[in-house]
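Taking it in order: structure first as structure tokens, then the write-up.
The values are calculated or read from the model by the stated rules, or taken from the named source; none is laboratory data. Keep in mind that what you see is a predicted model, and the values were worked out from it rather than measured. FYI the Cβ positions are ideal-geometry reconstructions off the backbone, even for glycines, and counts take in every protein chain you see. Accessible surface is based on the protein model in full, side chains and every heavy atom, while ligands, DNA and RNA are left aside. Shrake-Rupley method; radii C 1.70, N 1.55, O 1.52, S 1.80 Å.
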Amino acid sequence: MVIFSCACVSTALRASLIPEEMARVREDLEAFAAELFDGFFRADQRRWGQAYVRGLLLDGRRKSVEPMAARLGEDGNRQALAHFVTSSPWDPAHVRARLAWRMHEAIGPEALIVNDTGFLKDGDASACVSRQYTGTAGKVTKCQVGVSLHLTTDHAAAAMNWRLFLPASWDPASPEADADKVTRRSRCGIPAGVGHVEKWQLALDMIDETRSWGIDIPLVVADAGYGDAAAFRHGLEERNLPYAVGISSRHTAHPIQPSPGPSSPPTRAPAGHRPCTIPSLRRP
């Protein structure tokens, strides 16, 4: 469970600070991390949680434990970092909630953006790697995909909730299951109860979780990857959330017709009526 959760954390915290830059902000970063991990009962969890965050932010292409430990200097205890990631019991939802509260206060968000990002992978040791489309590469390739929610204004944005997308090939209950990938689930720390969930449903689940933390969502914004899913739009409407989402040009639309009254017979579209394509409705 912890490996899977840390993979999700690493999809959200990606930066490139050289050691000199880290030294300048280290005091502020340690205060921020102390707040983030304040709910951890054990001092060693708080210490190595802070080290893990610094390792993610330091310059370096690979964000796995061994190269991070090498970059962390005196805090680069590979065994302790590996234990924090793989074995030490802690609740990732608690960390995400604290991050959300902190960023909501700091940013004063005007919207919540739903997004997904691909992380290109060459090996077979990481969770949920599969050949799938990612906008990062603009094509189908071998990668992980993380779905994330971002509090945003015109001047600032921060990821505050995220999930690692589990492709159907990693789900033993799916007809598309790949035997080799299914056998790697345990090694990657994927809980037995975690299966394939569509990205738009992951986004709705995260929105529900975010609201349960007391975070107000003034507007949901997403691209056509989510807007094309009618179930996603209906889910937002059922939650009484205003939204602005993209839709692709392959969709069609019908002119608004008056709804029939209780005693009115159902109406049919006039003979020869054809739905309009979305592009044809655009104003010049």
Original post:
Once fully extended, how much extra length lies between residue 154 and residue 101, figured as 0.36 nm per residue of separation less the alpha-carbon to alpha-carbon distance?
Top reply: 17.1 nm
Original post:
Counting pairs of alpha carbon atoms under 8 Å apart in space and at least six apart in sequence, what relative contact order in percent does segment 91-170 give?
Top reply: 32 percent
Original post:
What are the aspartates and glutamates whose alpha-carbon lies under 13 Å from the alpha-carbon of residue 199, with same-chain residues fewer than 8 places away excluded?
Top reply: 116, 223, 228
Original post:
Relative to a virtual label point 7 Å from the Cα of residue 21 in the Cα→beta-carbon direction, which members of segment 71-92 show backbone nitrogen distances below 18 Å?
Top reply: 71-73
Subject >> Surface accessible to a 1.4 Å probe, residue 186 within the full protein complex, Å² >> reply: 100 Å²
Original post:
So what's the net charge close to residue 105: Lys and Arg +1, Asp and Glu -1, counting the other residues with Cβ under 14 Å from its Cβ?
Top reply: 0
Subject >> Ranked order, 120, 219, 99 - accessible area, probe 1.4 Å, largest first >> reply: 120, 219, 99
Original post:
Once segment 62-164 is represented by equal point scatterers at the alpha-carbon sites, with solvent omitted, what log10 I(q)/I(0) does the Debye formula produce at q = 0.15, 0.17, 0.20, 0.24 Å⁻¹?
Top reply: -0.88, -1.05, -1.15, -1.14
Original post:
If you keep only loop residues by DSSP, which GluC sites (Glu not before Pro) in segment 137-228 have at most 13 other Cβ atoms within 10 Å of their Cβ?
Top reply: 176
**OP:** Within the set of other residues whose C-beta is less than 14 Å from the C-beta of residue 225, count the net charge using Lys and Arg as +1 and Asp and Glu as -1.
**Re:** -1
Original post:
Which is farthest toward the positive dipole end of segment 108-155 among 111, 141, 151, measuring Cα position about the Cα centre, with Cβ charges +1 (Lys, Arg) and -1 (Asp, Glu)?
Top reply: 141
Original post:
In nanometres, what is the gap between the two model label sites at residue 79 and residue 244, each 7 Å from Cα along Cα-to-Cβ?
Top reply: 5.5 nm
